[in-house]
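Chemist: Before anything else, here's the structure in question.
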Amino acid sequence: MSEPLVFHFEVDVSDFTSAGTASVTVKKNLRQLGLPSDVIRKLSIAMYEGEINMVIHAEGGTADVIVTEEYIDIILKDHGPGIPDVDLAMQEGYSTATAQIHSLGFGAGMGLPNMKRYSDEMKIDTELGVGTTVTMRIWIR
Amino acid sequence: MIVSELLEHGFTEVALPDPEREIHGVYIGDLLSWVMGRAQADNAWITIMSNINVIAVATLADTAVVILSEDVELPEEIVRQAEMKDVNVLRSPKPSYETAVLLYELLK
Ligand SMILES: Nc1ncnc2c1ncn2[C@@H]1O[C@H](COP(=O)(O)OP(=O)(O)OP(=O)(O)O)[C@@H](O)[C@H]1O
Ligand SMILES: [Mg+2]
């Protein structure tokens, strides 16, 4: 079996207008690899939601995407405030976003539920004051 | 129906990098995570949001065209982004509901 393909991104908060660059780049690369379009769509939406969360709720972080022949893993790691109550954060409609974030179109409290729904497996490791790591897996077949 | 056909029905061009794209269905929404959760690939997406994130969401959700209702203006640099990212954007003078009703008739 061939070596997995790895993409690594630094997700920067300083430039909110370019938020989503990592996800859009991954989408483009996966298209070139010829992966099924429904897999690419699920993956890129799940990754974008996580990327935006790192920008608006943490202070940025890193995104790693590992592509194997059977599955794709996305690992989003930040050193933000952590999530006090993960079950609550996972509920549709729960959000701590500010008015400024709402004006950009975010803060509906649908991001984490979307990540759960578009990935096949999802795990959240979070510690208050230390940061959050979200790992998602999407099976190709 | 393809996106460019809408130009004959009161919609105006904002960015049209992929005019032949087929439209299947419509989704209306301004909160981006709702759109990503509920819109389907190839939908026409009606919104009043006009910031840069709309272009990223249209790319990722694979919508056929973004329709800015109420004649919402898109800043010049965002129009350029849409063109670069192959995202079709049209403008409608009508509110979202009336825009959707018109699309319903056209897509029948
Ligand atoms: N990486 C993170 N670090 C700290 N808190 C987070 C992180 N991701 C999510 N949260 C918390 O979980 C809540 C719910 O996140 P979710 O993505 O579902 O909604 P949202 O980001 O507030 O709005 P939306 O995603 O709909 O634009 C957030 O409001 C925030 O309080
Ligand atoms: Mg979110």
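Chemist: Below 8 Å between Cα atoms, with a sequence gap of 6+, how large is the relative contact order for chain A in percent? Mind showing how you got there, number by number?
Modeler: Details: 267 pairs, mean separation 37.5, N = 141.
27 percent.
Chemist: Shifting gears a bit: Placing +1 at every Lys and Arg Cβ and -1 at every Asp and Glu Cβ, with all other atoms neutral, what dipole size does region A:1-115 have around its Cα centre, in debye to the nearest 20?
Modeler: Values: 6 positive and 16 negative charges, 86 e Å.
Computed charge dipole of region A:1-115: roughly 420 debye.
Chemist: Hey, in the GNM for chain A with a 10 angstrom Cα cutoff, which one of A:Ala63, A:Ala19, A:Ala97 fluctuates hardest?
Modeler: A:Ala97
Chemist: Taking every eigenvalue of the Cα gyration tensor of region B:3-107, multiplying by 5 and rooting it, what semi-axes result, largest first, whole Å?
Modeler: Details: eigenvalues 58, 46, 37 Å².
Equivalent-ellipsoid dimensions as semi-axes: 17, 15, 14 Å.
Chemist: Rank A:Gly80, A:Gly105, A:Gly93 by mean-square fluctuation in a GNM of chain A with C-alpha springs under 10 angstrom and give only the top-ranked residue.
Modeler: For chain A, modelled as a Gaussian network with Cα springs under 10 Å, the answer is A:Gly105.
Chemist: Still on this structure, please answer the following. Once Lys and Arg get +1 and Asp and Glu get -1 on their Cβ, which of A:Ile40, A:Gln91, A:Ile124 lies farthest toward the positive end of the dipole of chain A?
Modeler: Working it through, the farthest residue towards the positive pole turns out to be A:Ile40.
Chemist: With the dipole of chain B worked out from charges on the C-beta (+1 for Lys and Arg, -1 for Asp and Glu) around the Cα centre, which of B:Ser4, B:Val79, B:Ile23 lies farthest toward the positive end?
Modeler: Checked the options; the winner is B:Ile23.
Chemist: On to the next question. GNM on chain B, C-alpha springs below 10 Å: top fluctuator among B:Leu68, B:Leu60, B:Leu32?
Modeler: Result: B:Leu60 has the largest fluctuation of those listed.
Chemist: Specify the inter-centroid distance of region B:10-70 and region A:45-92, based on alpha-carbon positions, in whole Å.
Modeler: 24
Chemist: Which links in A:Lys27/B:Lys108; A:Lys28/A:Lys77; A:Lys123/B:Lys85 stretch past 28 Å when you go from one Cα to the other?
Modeler: Numbers: A:Lys27/B:Lys108 32 Å; A:Lys28/A:Lys77 22 Å; A:Lys123/B:Lys85 31 Å.
In this structure, A:Lys27/B:Lys108; A:Lys123/B:Lys85 lie more than 28 Å apart at Cα.
Chemist: Per residue, how big is the convex hull of the protein assembly as shown when only Cα atoms are used? Give it in Å³. Display every interim value, and only then the final one.
Modeler: On the way: hull volume 30.9 nm³, N = 249.
It is 124 Å³ per residue.
Chemist: With just the Cα atoms of region A:5-139, tell me how far they stretch along each of the three principal axes, in Å, largest first.
Modeler: If we take the Cα atoms of region A:5-139, the spans are 40, 29, 25 Å.
Chemist: Taking only C-alpha pairs under 8 Å that are 6+ residues apart, what is the relative contact order of region B:3-107 in percent? Can you show the working numbers first?
Modeler: On the way: 209 pairs, mean separation 33.9, N = 105.
RCO, region B:3-107: 32 percent.
Chemist: Report, in deg cm²/dmol and to the nearest 500, the calculated mean residue ellipticity at 222 nm for the protein assembly as shown, where each DSSP H run with n ≥ 4 adds -39500 (n - 2.57) and the sum is divided by the residue count. Don't skip to the end; give the middle numbers.
Modeler: Details: 9 runs with 88 residues, N = 249.
Theoretical 222 nm ellipticity from helices: -10500 deg cm²/dmol.
Chemist: Could I ask something else about it? For region A:5-139, report the accessible area per residue in Å² (1.4 Å probe, heavy atoms, rounded to an integer).
Modeler: With the other protein chains kept in place, region A:5-139 gives 47 Å² per residue.
The values are calculated or read from the model by the stated rules, or taken from the named source; none is laboratory data. Quick caveat: nothing in here was measured; it's all calculated off a predicted structure. Note that we place each Cβ from the backbone using ideal geometry, even for glycine, and neighbour counts take in every protein chain shown. Quick note on the areas: whole protein, heavy atoms, side chains included, nothing else; ligands and nucleic acids left out. Shrake-Rupley method; radii C 1.70, N 1.55, O 1.52, S 1.80 Å.
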